[in-house]
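What follows is a short report on a single structure.
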Amino acid sequence: MKDLDNLKTALHTPPPEGFAALDTGAIMSAGKRIRRRRRVQSGAGLVAVAAAVVLVVTGVNSFKTETPVAAGGPSLTTSAPPPLTTRDPAQEPRVPLGDVIATGIFDPLGERVFYLVKVDAPVELPDTHFGLMTGHRAADGTLSGELMSNEFKGSDRRPGFHVVDGGEIIRDQFVPVSGYYVGPVEKIISTVQGKPVQARLAQWSEDPSVVVFWFIEQDVASSKLLTPPVAFGKNSAKLPS
């Protein structure tokens, strides 16, 4: 009963200042429907937004990585397309769509940030137009992307959870469990070992109905520890997952 009381208390606690509340009911189920994801390769001398390219191989989405380049600069391909590739629909570096979302989380690579990027695969992914990039912003404002995920089944604006990912180490730094939710979400709650945890939220500047969410490492050290998250709207009304 104590755990239940704690969860109820968490659900009725206003979200932290600067964040909207998110629905957590869909994070665990999201793995079945959401993501095509890619670690973005990076090397010494990283100077700009990293790129991830969707490739179609015999009907299955695959990826090719491009070397990060300065904004507006040429794209430098470091690896040849894999065999049997029928189409390379997106060769440009993945520059942010709208504002970059700051998290206030800093590590040796800079500040952890999230931003939406364009997905242009009208034949293979006709209902997917953007994906979520997890990356860093250096002190000089330079962006580097490390993990990009996008919806690959159905619309990227279907109400509910999308591209829940993270909870791992990339470039020697922890990548928070994160994703985005579509809908009027005000709070997202999950539990870790019986303890309620609440996600941080930020609306996408291009479409406020798209809300990026993430859990801090102190609350969620691995996605495997989360119970199915639940999303709540006004008056603590449960939203679709």
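The numbers here are math on the coordinates, done by the rules we state, and not lab data. Because the structure is a prediction, the values reported are computed rather than measured. All Cβ positions, even for glycine, are placed from backbone atoms using ideal geometry, and neighbour counts span all protein chains on display.
Select the strands (runs of 3 or more DSSP E) contained entirely in the stretch 183-241, then report the ones holding at least 2 residues which are surrounded by fewer than 19 Cβ atoms within 10 Å (Cβ to Cβ) and either in contact with a Pro (Cβ under 7 Å, 6 or more places away or on another chain) or at negative phi (or both). Even if it seems obvious, please write down each step before you answer.
Working: elements: 187-192, 195-198, 200-204, 207-214, 230-232.
Where strands (runs of 3 or more DSSP E) fall fully within the stretch 183-241 and carry at least 2 residues being surrounded by fewer than 19 Cβ atoms within 10 Å (Cβ to Cβ) and either in contact with a Pro (Cβ under 7 Å, 6 or more places away or on another chain) or at negative phi (or both), they are 207-214.
From E124, E111, grab the single residue that is surrounded by 13 or more Cβ atoms within 10 Å (Cβ to Cβ), touching a residue at least 12 places away in the same chain (Cβ under 8 Å) and in a loop (DSSP other than H, G, I, E, B).
None of the other options fit; the residue is E124.
Among what's in the stretch 145-180 and is under 14 Å from the mean Cα position of the chain (by Cα) and of a type in the set (S, T, N, Q), pick the residue that is farthest from V117 (Cα to Cα).
Among them, the one singled out is S178.
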